[in-house]
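The values are calculated or read from the model by the stated rules, or taken from the named source; none is laboratory data. Only a predicted model underlies this, so the values are computations on that prediction, with no experimental measurement involved. For neighbour counting, all protein chains shown are included, and Cβ atoms are generated from backbone atoms with ideal geometry for every residue, glycine included.
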Amino acid sequence: MTVAHPNVAYLLKRFPRLSETFILHEILELERQGVGLRLYSIMDSAETIVHADVRRVRASVSYLPSGKRAWHEVPKAHLALLKRHPGRYLGTVAYNLWHRPRRTALKHFLRAGWLAHELEAAGVTHLHAHFAHGPASVARFVSQLTGLPYSFTAHAKDIYTSPPASLANKMDAARFVVTCTEYNAQYLAGLVAPGTAERIHRIYHGLDLRKFGAPTHPAEAAAGDMPTILAVGRLVEKKGLSYLIDSMALLRRRGYAANLQIVGDGDIRGALVQQIEAAGLQDRVTLLGPRPQEDLLDMYRHATLFALPCIVTDNGDRDGIPNVLVEAMRLGLPVVSTRVSGIPELIIDGDTGLLVPPRDTRALTDALARLLDDPHLRGRLAAGAARHVLHEFDLVDNAARLRELLDGAAA
């Protein structure tokens, strides 16, 4: 398929990012379907490990200026905008001084001025931002400064840790809004008038079924080997990993022998290490650090089951539908997770996996024990999970829905 001339800009917080493969694959599939893209990243990627698929991206990637570069380029861009659109520029300044005179708003405004200047020079006709907080705020400013239509995808933390009035303001002005769960869509629709709610679209993150092909049978441990429980995710509170480690201790007390492998890195790594050592689980629980998706594919195929007991944190942060659950399910792994946010849209308890209440170590342990005890149950759940992902989470179909929205907005 021939790629069109770039007319849609994507605004991201960081690119590339190891934990955001869903954005990377969305970009690749949109390009395959003929959408011309330009990528703009607010910050440089600070990660040393990147997915191999990043090399397949054909779009140009530009990074918003920071440090000395910002001091040189941002004032020039704002001056150029003031000369080209004096009414819009002064109106934007006046409106935002009155409605949100905060330091964060000033930061977004300064970034937006540089980006607006770049997008006009490039002939971009539509701006789409990923995440409803900073990136969508910058996109809103760009639209105010230039009249360029914008849209954004809202995910999880960016929704539930943002002030509702701020979300509503950005949704009201957007051409359309995408979110990745029905749970999110209903929450967002409740913040706005019916006319705006009609422009909110639930599109699940898609999985590249060409890469995640036919599911394999759940792995069985070789004679003498312990079964492996796999967990993948950033080491942050909302993933509920501390409860999973507690469950490993409880499983051992009940006489079960199993290994837990945790893939990822993050702020609570030190606390998890201390928890593992305090429980004497060094021989049962391994923190493997971050891994690219190519490595994860092999780990999924060799694990016995997958667990991710997500929670809602005290500040409201939560997952939408963790993409690692979708990946594990497609490859034939039986999964255990919690009744949080959009997860029950993916895991139908007893049909495509097992669900337990969040923060309930005993219920989590019971679910893990059921799966460890019953290979027939593991196989039945894994088969149902793979079918469900095939029908609802196909990247090609879901990206096509987004492409139609972008085509309409950029026309």
Go through (1) in contact (Cβ under 8 Å) with a residue 24 or more places away in the chain; (2) buried (at least 18 other Cβ atoms within 10 Å of the Cβ); (3) over 20 Å from Ile347 (Cβ atoms) one by one and return the number of the condition Ala189 breaks. (1)
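Here is a list: Arg291, Arg362, Arg403, Arg370. Which entry is assigned by TED's automatic domain parsing to the domain that holds Lys157, in contact with a helix residue (DSSP H, G or I) (Cβ under 8 Å, 6 or more places away or on another chain) and over 22 Å from Tyr183 (Cα atoms)?
On the way: Arg291 fails: assigned by TED's automatic domain parsing to the domain that holds Lys157; Arg362 fails: assigned by TED's automatic domain parsing to the domain that holds Lys157; Arg370 fails: assigned by TED's automatic domain parsing to the domain that holds Lys157.
Checking each option against the conditions leaves just Arg403.
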When segment 257-279 is examined, which residues are found to be touching a residue at least 24 places away in the same chain (Cβ under 8 Å) and small (Gly, Ala, Ser)? Ala257, Ala258, Gly264, Gly266, Ala271, Ala279
For Pro75, only one of the following conditions fails: (1) within 17 Å of Arg38 (Cβ to Cβ); (2) surrounded by fewer than 14 Cβ atoms within 10 Å (Cβ to Cβ); (3) not small (Gly, Ala, Ser). What is its number? (1)
Looking at segment 302-347 only, could you name the residues that are touching a Cys at 6+ places or on another chain (Cβ under 9 Å) and assigned to a strand (DSSP E or B)? Ser337, Thr338
Hey, can you tell me all the residues within segment 71-98 that are of a type in the set (A, V, I, L, M) and either under 16 Å from Arg111 (Cα atoms) or within 33 Å of the chain's Cα centre (by Cα) (or both)? Val74, Ala77, Leu79, Ala80, Leu81, Leu82, Val93, Leu97
List every residue pair whose Cβ atoms sit under 6 Å apart, with the two residues 6 or more apart in sequence or on different chains, where the first one lies in segment 286-307 and is touching a residue at least 24 places away in the same chain (Cβ under 8 Å) and the second, anywhere, is among the hydroxyl-bearing types (Ser, Thr, Tyr) and in a helix (DSSP H, G or I). Gln293/Thr21
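For a quick check of your reading: which strands (runs of 3 or more DSSP E) sit entirely within segment 127-234 and have at least 2 residues that are within 27 Å of Gly289 (Cβ to Cβ) and not hydrophobic (A, V, I, L, M, F, W, C)?
Values: elements: 150-154, 176-179, 200-202, 228-232.
Of the strands (runs of 3 or more DSSP E) lying wholly inside segment 127-234, none has at least 2 residues that are within 27 Å of Gly289 (Cβ to Cβ) and not hydrophobic (A, V, I, L, M, F, W, C).
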Cβ-Cβ distance below 9 Å, separation of 6 or more or different chains: which pairs start in segment 72-96 with a residue that is assigned to a helix (DSSP H, G or I) and end on one that is at pLDDT 95 or above and surrounded by fewer than 15 Cβ atoms within 10 Å (Cβ to Cβ)? Leu82/Leu90; Arg88/Gly147; Tyr89/Lys83
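If you take the residues in segment 236-288 that are among the polar types (S, T, N, Q) and either in contact with a Leu (Cβ under 6 Å, 6 or more places away or on another chain) or part of a helix (DSSP H, G or I) (or both), which one is surrounded by the most Cβ atoms within 10 Å (Cβ to Cβ)? Working first, answer last.
Pass one, segment 236-288, residues among the polar types (S, T, N, Q): 242, 247, 259, 261, 274-275, 282, 286.
Retained after the next criterion (residues that are either in contact with a Leu (Cβ under 6 Å, 6 or more places away or on another chain) or part of a helix (DSSP H, G or I) (or both)): 242, 247, 261, 274-275.
Working: Ser242: 17, Ser247: 27, Gln261: 16, Gln274: 11, Gln275: 17.
Among residues in segment 236-288 that are among the polar types (S, T, N, Q) and either in contact with a Leu (Cβ under 6 Å, 6 or more places away or on another chain) or part of a helix (DSSP H, G or I) (or both), the one surrounded by the most Cβ atoms within 10 Å (Cβ to Cβ) is Ser247.
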Quick check on segment 345-367. Is at least one of its residues in contact with a strand residue (DSSP E or B) (Cβ under 7 Å, 6 or more places away or on another chain) and more than 30 Å from Ala154 (Cα to Cα)? yes
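Does Arg38 qualify as being surrounded by 18 or more Cβ atoms within 10 Å (Cβ to Cβ), of a type in the set (Lys, Arg) and under 20 Å from Leu127 (Cβ atoms)?
Values: surrounded by 18 or more Cβ atoms within 10 Å (Cβ to Cβ): yes; of a type in the set (Lys, Arg): yes; under 20 Å from Leu127 (Cβ atoms): yes.
Yes: the conditions hold for Arg38.
Suppose the filter is in contact with a strand residue (DSSP E or B) (Cβ under 9 Å, 6 or more places away or on another chain), in contact (Cβ under 8 Å) with a residue 12 or more places away in the chain, at negative phi and among the small types (Gly, Ala, Ser); does Ala139 pass it?
Working: in contact with a strand residue (DSSP E or B) (Cβ under 9 Å, 6 or more places away or on another chain): yes; in contact (Cβ under 8 Å) with a residue 12 or more places away in the chain: yes; at negative phi: yes; among the small types (Gly, Ala, Ser): yes.
For Ala139, the condition - in contact with a strand residue (DSSP E or B) (Cβ under 9 Å, 6 or more places away or on another chain), in contact (Cβ under 8 Å) with a residue 12 or more places away in the chain, at negative phi and among the small types (Gly, Ala, Ser) - is met.
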Can you find a residue in segment 41-52 that is outside any helix (DSSP H, G or I), of a type in the set (Ser, Thr, Tyr) and free of Cβ contacts under 8 Å to residues at least 12 places away in the same chain? yes
Only one of Ile321, Ile311 that is over 19 Å from Asp394 (Cβ atoms) and crowded, with 18+ Cβ neighbours inside 10 Å: Ile311
